[in-house]
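The values are calculated or read from the model by the stated rules, or taken from the named source; none is laboratory data. The shown structure was predicted, so the numbers you read here are calculated from the model rather than taken from an experiment. Here the Cβ is made from the backbone with ideal geometry for all residues, glycine too, and neighbour counts use every protein chain on show. Just the protein is used for accessible areas: all its heavy atoms, side chains included, with ligands, DNA and RNA removed. Shrake-Rupley method; radii C 1.70, N 1.55, O 1.52, S 1.80 Å.
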Amino acid sequence: MSTTSTQPDLLYSEEEEALRAAVRDLLADHCDPADVITRIESDAPHVSAAWKALAEGMGLAGLLVPEAKGGQGASHREAAVVCEELGRAVAPVPFLTSAVVATEALLACDTDDLLADLASGRLIGALAVGLDTAPGAPFTTVRLEDGLLHGELTGIADAAVADVLLVPADDGGLYAVDGDAATVTPQASLDLTRPLATVTLAGAPGRRLGEAGPAVRRALRAGAGLLASEQLGLADWSLTETVRYLKERKQFNRPVGGFQALKHRLAQLWLEVVNLRAAARGAADALATGEDADVSVAVAQAYAGQVAVHAAEEALQLHGGIGMTWEHPVHLYLKRAKADSIAYGTAGAHRETLASLVDLQAP
């Protein structure tokens, strides 16, 4: 008697691999490491040409939006593949913040006009909740007074390029605020490829979209789940480039990669990256199907941060002197990995969430 497996198929489909190849080619043209380093030294770190090509040329800004609402009608699995490639290139584009987090918030509110604008790439959206906020955690709101919004929100990722801000207010509503109606002040950030800002509203008009609580929870859960795929891309690049470098670099007339101690370190890192791929794919598949999504996202984020940081640290150290230079891109990966490790909740916060979800309370 044959039995059907209930385990999800986490392998990449042909369509997902084709999407990966297309995104990787595009990023090779628009997000060369030297160009990214030049960008982050300027006042405009975002690569607008890359975002335009991704959003308008390939339609990736609308991946998670149903076709009936102007999007591609794809799933979180496809979005995860895009996140992997963006992580591999540390691309300074607002895909995670606009096409995932802001889009998921709008899907919870069912606002078709704004969704269509974000899906087409005509507008960039940003959820005005601190990047360090975990799904289900309390978040800061602004004051609603006489129909206008007043207050200050800090740690808002990609607010500088947002055309519309999705702002939670103290009446429990989520409001759409025109980016020009807010004062956006850059904040010091370790990761210069995903800049943070303070958003100040001083009597800004807003359009109520729906209830903030469910929308923010849904948006942050998707953000945390797909962030794991970005962290996978970071870790995979770090491992691949380090192996490549150690095969080329010679010491005592031998390739450095031939030394046993380094082989052991790379083997350990490879195991961690393989496990991260399973966790990240599990989170993406769970978000796509809606089955055990809370648990899968918590598992992925309880693990992903430490692996991405470890991979980038090993890449920095094993590249030797060249890895310590500003011209080599490895510092971009370490900074993004460190920043990602506290984005959408720390590993500790996700472990606490996981413990409560599976009834394993601390003593």
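When the range 31-48 is filtered for residues that are under 20 Å from VAL81 (Cα atoms) and free of Cβ contacts under 8 Å to residues at least 40 places away in the same chain, only ASP32 remains.
Counting just the residues of the range 327-341 that are in contact with a helix residue (DSSP H, G or I) (Cβ under 8 Å, 6 or more places away or on another chain) and closer than 14 Å to GLU41 by Cβ, which one comes out surrounded by the most Cβ atoms within 10 Å (Cβ to Cβ)? Top of the filtered list is LEU332.
Considering ARG221, ARG194, the condition of being closer than 30 Å to ASP112 by Cα, buried (at least 17 other Cβ atoms within 10 Å of the Cβ), of a type outside the set (S, T, N, Q) and touching a Lys or Arg at 6+ places or on another chain (Cβ under 8 Å) is satisfied by ARG194 alone.
Given the condition surrounded by fewer than 24 Cβ atoms within 10 Å (Cβ to Cβ) and either at pLDDT 95 or above or part of a helix (DSSP H, G or I) (or both), answer yes or no: does some residue in the range 224-236 qualify? Checked against the condition, which is being surrounded by fewer than 24 Cβ atoms within 10 Å (Cβ to Cβ) and either at pLDDT 95 or above or part of a helix (DSSP H, G or I) (or both), the range 224-236 yields at least one hit. Name every residue in the range 342-363 that is surrounded by 18 or more Cβ atoms within 10 Å (Cβ to Cβ) and assigned to a loop (DSSP other than H, G, I, E, B), in order of residue number. Across the range 342-363, the qualifying residues are ALA343, TYR344, GLY345. Taking the range 105-215 as the region of interest, the strands (runs of 3 or more DSSP E) fully inside it that hold 1 or more residues being farther than 30 Å from VAL90 by Cβ are 143-145, 148-157, 173-178, 196-205, 207-211.
In summary, ALA126 fulfils each of the numbered conditions (1) surrounded by fewer than 24 Cβ atoms within 10 Å (Cβ to Cβ); (2) of a type in the set (A, V, I, L, M, F, W, C); (3) without any contact (Cβ under 8 Å) to a residue 60 or more places away in the chain with the single exception of condition (1).
Checking each residue in the range 62-107 for being of a type in the set (Gly, Ala, Ser) and within 18 Å of ARG24 (Cβ to Cβ) picks out ALA74, ALA79, ALA80, GLY87, ALA89, ALA91, ALA99. For VAL93, indicate whether it is buried (at least 21 other Cβ atoms within 10 Å of the Cβ) and in contact with a Pro (Cβ under 7 Å, 6 or more places away or on another chain). Taking the combined requirement at face value, the residue does not satisfy it. Entry remark, the range 204-216: residues being of a type outside the set (A, V, I, L, M) and either under 16 Å from the mean Cα position of the chain (by Cα) or closer than 17 Å to LEU115 by Cβ (or both) number 5 in total.
This table checks each residue for (1) charged (D, E, K, R); (2) open to solvent by less than 70 Å² (accessible area, probe 1.4 Å); (3) part of a loop (DSSP other than H, G, I, E, B); (4) at pLDDT below 85.
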residue: GLN7; (1), (2), (3), (4): no, no, yes, yes
residue: LEU10; (1), (2), (3), (4): no, yes, yes, no
residue: GLU17; (1), (2), (3), (4): yes, no, no, no
residue: ALA21; (1), (2), (3), (4): no, yes, no, no
residue: ASP29; (1), (2), (3), (4): yes, no, no, no
residue: ILE37; (1), (2), (3), (4): no, yes, no, no
residue: GLY73; (1), (2), (3), (4): no, yes, yes, no
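ASP158 falls short on exactly one of the conditions (1) at negative phi; (2) surrounded by 24 or more Cβ atoms within 10 Å (Cβ to Cβ), and that condition is (1).
Take ALA311 and decide whether it is modelled with pLDDT of 95 or more and buried (at least 21 other Cβ atoms within 10 Å of the Cβ). Spelling it out, ALA311 is indeed modelled with pLDDT of 95 or more and buried (at least 21 other Cβ atoms within 10 Å of the Cβ). The requirement of being part of a helix (DSSP H, G or I), touching a strand residue (DSSP E or B) at 6+ places or on another chain (Cβ under 6 Å) and of a type in the set (Ser, Thr, Tyr) is satisfied by THR97. Residues in the range 111-118 include none that are farther than 18 Å from GLY210 by Cβ, without any contact (Cβ under 8 Å) to a residue 24 or more places away in the chain and either surrounded by fewer than 24 Cβ atoms within 10 Å (Cβ to Cβ) or more than 14 Å from the chain's Cα centre (by Cα) (or both). Among residues of the range 263-300 being of a type in the set (Asp, Glu) and part of a helix (DSSP H, G or I), the one that is farthest from the chain's Cα centre (by Cα) is GLU272.
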